[in-house]
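Structure, as structure tokens:
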Amino acid sequence: WTEKTIQVIDQIALMMESEGGGTIVLCSDKPKRDALDEVLERCTLLNSKIIVRTGSISSQSDLAKMAASFARAIIVLAPEGAADKADASVLRCVLSLKGLSMPLSGHVVAEMRDIDNTSLVEVVGGSSVETIVSHDVVGRLMIQAARQRGLAEVYKCVLGFEGDEIYL
């Protein structure tokens, strides 16, 4: 559970709306009832279904209970706190995912806080893991939007799932 969880769930639900919805499984360190109540209160799930499990993203038994091996995609959000500590948590999660008894059927997108740590996660994860340094991407988009009037609105339309959709 991070500050970005609600926004990510909203965007996934919007993306899956055109496919008739889907199932989103959320692994949270919060109590299940609290996390579910907050998601239902703040998210627009449209036709999607949310399943909340309390557990650790670095525990293979918790990941196996959530059927992580069968997920179409897995998003690992970096926890709040110091960059190196957050990236270490993401690395432990990727190690746990790669160590599951069943191989992953989908791909993994891992949010990193420090660009210097991305190579280690990419080596461990192999071709099934893609890393993204969120503050670098957001910073670059903000600078470009500040330099070119109206570009922020274009980014919103192109990168969001509301209205017209573009799949990359």
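The values are calculated or read from the model by the stated rules, or taken from the named source; none is laboratory data. Only a predicted model underlies this, so the values are computations on that prediction, with no experimental measurement involved. With ideal geometry, Cβ positions are generated from the backbone for all residues, glycine too; neighbour counts draw on all protein chains shown. Areas reflect the complete protein model, heavy atoms only, side chains present, ligands, DNA and RNA absent. Shrake-Rupley method; radii C 1.70, N 1.55, O 1.52, S 1.80 Å.
Among the listed pairs Lys65/Lys156; Lys85/Lys156; Lys4/Lys49; Lys32/Lys156, those with a Cα-Cα distance over 29 Å are Lys65/Lys156; Lys85/Lys156; Lys32/Lys156.
Here the label points at Leu100 and Asp62, each 7 Å from Cα along the C-beta direction, are separated by 1.5 nm in the simple model.
A Förster radius of 22 Å, combined with the Cβ-Cβ distance separating Val154 from Ser18, puts the computed FRET efficiency at roughly 0.55.
In this view, the solvent-accessible surface of Ser56, computed with a 1.4 Å probe and all protein chains in place, comes to about 50 Å².
For region 90-144 versus region 1-80, the inter-centroid distance based on Cα atoms is 17 Å.
Once the C-beta distance of Ile51 and Glu80 is scaled by a Förster radius of 30 Å, the resulting FRET efficiency is 0.80 to the nearest 0.05.
In terms of accessible area, using a 1.4 Å probe and ignoring ligands and nucleic acids, Arg42, Arg140, Arg149, Arg33 rank largest first as Arg149, Arg140, Arg33, Arg42. Note on Ile74: accessible area is roughly 30 Å² with a 1.4 Å probe, heavy atoms of protein only.
Note on Cα Rg over 2.2 N^0.38 Å: of the candidates (i) 1.53; (ii) 1.07; (iii) 1.26, the value calculated from this structure sits at (ii). Using C-alpha pairs below 8 Å separated by at least 6 residues, the relative contact order for the chain is 18 percent. Sorting Lys65, Lys30 on solvent-accessible area from highest to lowest, probe radius 1.4 Å, gives Lys65, Lys30. With a 1.4 Å probe rolled over the protein heavy atoms of all chains, the accessible area of Glu41, Glu17 falls in the order Glu41, Glu17, largest first. Only protein heavy atoms count here; on that basis, with a 1.4 Å probe, Asp114 has an accessible area of about 40 Å².
What length, rounded to one decimal in nm, is gained on full extension from Arg92 through to Ser127, with 0.36 nm per residue of separation minus their alpha-carbon distance?
Details: separation 35, 0.36 × 35 = 12.60 nm, distance 1.71 nm.
Answer, rounded to one decimal: 10.9 nm.
This model, with +1 at the C-beta of Lys and Arg and -1 at the C-beta of Asp and Glu, gives region 52-168 a dipole about its Cα centre of some 180 debye.
Protein heavy-atom surface of the chain, 1.4 angstrom probe: 56% of the accessible area is carbon and sulfur, with nucleic acids and ligands not counted.
Note on Ser69 and Ala145: their simple-model spin labels are 4.2 nm apart, each label 7 Å out from Cα toward Cβ.
With all protein chains kept in place, the per residue accessible area of the chain amounts to 61 square angstrom at a probe of 1.4 angstrom.
With helices as the sole contributors, the chain gives -14000 deg cm²/dmol at 222 nm; each DSSP H run of n ≥ 4 counts as -39500 (n - 2.57), and the sum is divided by every residue.
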